[in-house]
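The values are calculated or read from the model by the stated rules, or taken from the named source; none is laboratory data. Fair warning: this is a prediction, and the values are worked out from it, not measured in the lab. No Cβ is skipped: glycine too gets one built from the backbone with ideal geometry, and neighbour counts run over all protein chains shown. What goes into the accessible areas is simple: the full protein's heavy atoms, side chains included, and nothing from ligands, DNA or RNA. Shrake-Rupley method; radii C 1.70, N 1.55, O 1.52, S 1.80 Å.
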Amino acid sequence: MAKSRKSNRDKSKDSNWQERVIQIRRVSKVVKGGKKLSFRAIVVVGNEKGQVGVGVGKAGDVIGAVRKGVADGKKQLIDVSLTKSSSITHIAKGVSGGAKVIVRPAAPGTGVIAGGAVRTVLELAGLKNILAKQLGSNNPLNNARAVINALEGLRTFSEVAQERGVPLEHLYT
């Protein structure tokens with residue numbers, strides 16, 4: 001009986017993760033006998049509580065590609081520090097390949113103002129009031145990775161105070 005309880009707990013921990021497929025693309029490889037078709041899935045995994053990851057999976061069928069993408073996304077998880085208004089602390093820029101993304105905090109009640117893959121990543125990270133703009137490429141994979149890059153660069157007030165060696169109260173004055 002103890003085993004079944006433990007496995008149920010493990011399942012409940014996994015159930016709070018949400019997965020959203022951004023893109024499924026059919027790709028082909030030219031081999032000796034002709035063309036070999038497979039599928040590539042770009043998947044965003046997040047718990048809407050400050051953890052998010054982007055994964056890519058390739059397989060002969062769509063379901064297998066999505067499953068591999070989810071596994072890859074869970075390996076690539078990052079932590080995002082959210083403010084009380086479910087926003088970020090400051091403006092951040094992220095780059096991946098030819099894609100550039102700017103994210104900036106917004107007032108409570110604004111919502112998620114972003115497009116495409118950027119919106120999906122921000123929603124699954126748990127951000128509710130944020131503005132984002134894609135610059136350069138509109139490739140979904142590079143844009144998703146650029147947002148992850150921007151969110152990784154965020155610093156909280158306490159982290160900045162600790163780096164500078166000053167009390168937290170001095171930052172607000």
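Amide H contacts under 5 Å for Gln23: Ile42, restricted to partners 5 or more places along the chain or on a different chain, H placed in the peptide plane at 1.01 Å from N.
Please calculate how many Å² of accessible area the stretch 18-78 carries per residue, with a 1.4 Å probe and no DNA, RNA or ligand atoms counted.
Per residue, the stretch 18-78 has an accessible area of 60 Å².
Relative to the dominant Cα principal axis of the chain, helix 140-152 is inclined by about 30°. Ranking Lys68, Lys35 by solvent-accessible area of protein heavy atoms (1.4 Å probe, all protein chains present), from largest to smallest, gives Lys35, Lys68.
Here the calculated FRET efficiency for Ala71 and Ser28, from their Cβ-Cβ distance with R0 = 25 Å, stands at 0.60, rounded to the nearest 0.05. Helix 62-75 axis versus longest C-alpha principal axis of the chain: approximately 30°, rounded to the nearest ten.
A simple spin-label model places pseudo-atoms 7 Å from Cα toward Cβ; at Glu19 and Arg155 they are separated by 3.7 nm.
Ordered from highest to lowest accessible area with the whole protein assembly present and a 1.4 Å probe, His90, His170 read as His170, His90. For the chain, the fraction of 1.4 Å probe accessible surface lying on carbon and sulfur atoms is 51 percent. The residue list Thr156, Asn143, Pro167 was ranked by how far each Cα lies along the charge dipole of the chain toward its positive end, using unit charges on Cβ atoms, and Asn143 comes out on top.
The number of Lys pairs in the stretch 18-78 with C-alpha atoms less than 26 Å apart, excluding pairs fewer than 8 positions apart on the same chain, is 13. Think of a 1.4 Å ball rolled over the protein heavy atoms: the stretch 80-160 then has 46 Å² of accessible area per residue.
Summing Cβ point charges (Lys, Arg +1; Asp, Glu -1) relative to the Cα centre of the chain gives a dipole of roughly 1000 debye.
Taking the Cα centre of the stretch 18-78 as origin, sum charge times position over the Cβ atoms of Lys and Arg (+1) and Asp and Glu (-1), and report the length of that vector in debye to the nearest 20.
With Lys and Arg at +1 and Asp and Glu at -1, about 400 debye.
Pull out a ≥ b ≥ c, the square roots of the eigenvalues of the alpha-carbon gyration tensor of the chain, then state rounded if a/c is under 1.5, prolate if not and a/b is larger than b/c, and oblate in the remaining case. Because a/c hits 1.5 or more and a/b fails to exceed b/c, the chain counts as oblate. Projecting the Cα atoms of Val56, Gln76, Val31 onto the dipole axis of the stretch 18-78, where Lys and Arg carry +1 and Asp and Glu carry -1 at the beta carbon, places Val31 farthest toward the positive end. Taking Cα centre as origin and charging only the Cβ of basic (Lys, Arg, +1) and acidic (Asp, Glu, -1) residues, the dipole magnitude of the stretch 80-160 rounds to 140 debye.
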